[in-house]
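Engineer: Questions regarding the structure given below will be posed in turn.
The values are calculated or read from the model by the stated rules, or taken from the named source; none is laboratory data. Remember, it's a predicted structure, so these values are computed and weren't measured experimentally. Using ideal geometry, Cβ is built from the backbone for each residue, glycine included, and neighbour counts are taken over all protein chains shown. Calculation scope for accessible area: heavy atoms of the full protein, side chains included, ligands and nucleic acids excluded. Shrake-Rupley method; radii C 1.70, N 1.55, O 1.52, S 1.80 Å.
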Amino acid sequence: MRRTQERNLISNHSIENLLQTYYRRKRRIMTGQKAERQVKTKRAKRPVSKVRMQMLRRRRRNWILSLVIIAVLLVILIHYAIVFLSPKARASTLTLNSDGSVRLEEVVDLKGTGVSESELKRGVRSSIYAFFKEHGFGSARVRRFSHVDGKVYMETRFKSLKFYQTYSGYSIFNGSAKAAAKAGYNLEDNFRQVSTKTVKRESKTVKLDKVLTSKDVLAKAEKEDDQVLILQENIRVKVDGKIRYLTDRDTSLVSKDTVDISPENKNPDADVLTCIIYK
């Protein structure tokens, strides 16, 4: 009986010791965690030094600058991709754009000329640079050099038809029939009317109908407020609209908006005025 009581006392005492040990450890852990939180709070409340702030600002500034540079490079790459991948004319072509600007695409065969491609490029760049230096930045610019069917391809942009006329030296007019008469243009050649019917619906091929006198055509153009293009140059011309009439001398219709001007004597400088009336 006495031994049993002693064993119970010993076991109770052991349980109390274990509980005390457990609670002591728990208090220590909680005290440590509390102290750690206090240290973290003190660190968080500690003010950032000026050097650190300057470093952070510098990093932020460099990061923003890098993003801007990357964006600019992407825009430049996209621009050049559009320029070099855009369609090229197969023959020398003068295009009148809706905003009044002019695109000149020249296709030159250098075989047998004795002129190298590098010399041609250098000469074109030099003449364009001298032109916009005299007439202002943006008046003319070389857009690209390339190759078409083994020939050298050059594309030049002019801000207006006036700048193109000044640069090329060719006589050219684009406006109303009334303005053409005031400018002193006297057209005596007959005109051909463009047919409204096409060979195929998907085709760009167009036909020419009856022959009309210049007096009748210009009267109709003035009445219906058509655009009149008059030029003296041996080149393919593309207008911003649908061609309705064109002079029948040394001209051939390529599509609804494009005309080839090619004199029978193959003179590189056309000696007759060509008139194109379009809507």
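Engineer: Quick one: if you stick a label point 7 Å off each Cα along the C-beta vector at residue 190 and residue 144, how many nm between them?
Structural biologist: 4.3
Engineer: May I ask which of 121/238; 111/133; 111/159 have a Cα-Cα span longer than 29 Å here?
Structural biologist: Exceeds cut-off: 111/133; 111/159.
Engineer: Here's another thing I want to ask about it. Given 0.36 nm per residue, what is the gain on full extension from residue 113 to residue 176 after removing their alpha carbon distance, in nm?
Structural biologist: This chain segment gains 18.6 nm when fully extended.
Engineer: Would you tell me the accessible area of residue 216, worked out with a 1.4 angstrom probe on the heavy atoms of the protein chains, in Å² to the nearest 10?
Structural biologist: Using a 1.4 Å probe on the heavy atoms, I get roughly 80 Å².
Engineer: Quick one: grab the alpha carbon gyration tensor of the range 50-166, order the square roots of its eigenvalues as a ≥ b ≥ c, and give me rounded if a/c is under 1.5, else prolate or oblate depending on whether a/b is larger than b/c.
Structural biologist: Prolate shape, in that a/c is at least 1.5 and a/b is the bigger ratio.
Engineer: Could I ask something else about it? What ranking do 53-65, 102-114 get when scored by the average of other Cβ atoms within 10 Å per residue, highest first?
Structural biologist: By packing density, highest mean first, the sequence is 102-114, 53-65.
Engineer: Given 0.36 nm per residue, what is the gain on full extension from residue 81 to residue 50 after removing their alpha carbon distance, in nm?
Structural biologist: Length difference between fully extended and current span is 6.5 nm.
Engineer: Using the beta-carbon distance between residue 71 and residue 224 and R0 = 35 Å, what value does 1/(1 + (r/R0)^6) give for FRET efficiency, to the nearest 0.05?
Structural biologist: That gives a FRET efficiency of 0.10.
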